[in-house]
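Below: the structure, in C-alpha cells.
Nothing in this text is a laboratory measurement; each read-out follows from the coordinates by a stated rule. Keep in mind it's a predicted model, so treat the numbers as computed, not measured. Methodologically, a virtual Cβ is constructed for each residue, glycine included, from the backbone with ideal geometry; neighbour enumeration extends over all protein chains shown.
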Amino acid sequence: MNTLVDENELLSIEQLCDRLFISATTAYKLLQSGEIKAFKVGTWKIPVKSVNDYIKRKCAD
C-alpha cells in the first residue's frame, strides 16, 4: 500500500515503536540520546520527518 505521509505529522511513542518494530525502552533511548529528534509537551511528539531522517542515516551506515 502506497500512502503519502505528511512529514509534519507527529507520532506518539506507540506509533514510533510500531513503525520501527522496536520496544518502548529502545524508543525512549533513541529520543533521549537525540538520535531521533523530537520534543516533549506533556508526552513525546515525534515528527515523521525525524523518523525518516533516522532511517536514511541508518541505511547509509
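Among the GluC sites (Glu not before Pro) within the chain, those in coil by DSSP and having at most 14 neighbouring Cβ atoms inside 10 Å are GLU7, GLU9, GLU35. Partners of LYS56 within straight-line reach, counting lysines whose Cα lies under 19 Å from its Cα and excluding those fewer than 8 residues away in the same chain: LYS29, LYS37. Qualifying chymotrypsin sites (Phe, Trp or Tyr not before Pro) in the chain, where qualification requires a DSSP coil assignment and no more than 14 other C-beta atoms within 10 Å, comprise PHE21. Going through [x] 20, 11, 9; [y] 17, 15, 12; [z] 15, 12, 12, the figure that equals semi-axes √(5λ) of the Cα gyration tensor in Å as computed for the structure here is [y]. Shown here for the chain: trypsin sites (Lys or Arg not before Pro) in loop regions (DSSP other than H, G, I, E, B) with at most 16 other Cβ atoms within 10 Å, namely LYS37.
Straight-line cross-link partners of LYS45 among the aspartates and glutamates, defined as a Cα under 18 Å from its Cα and at least 8 positions apart when in the same chain: ASP6, GLU7, GLU9, GLU14, ASP18, GLU35, ASP53.
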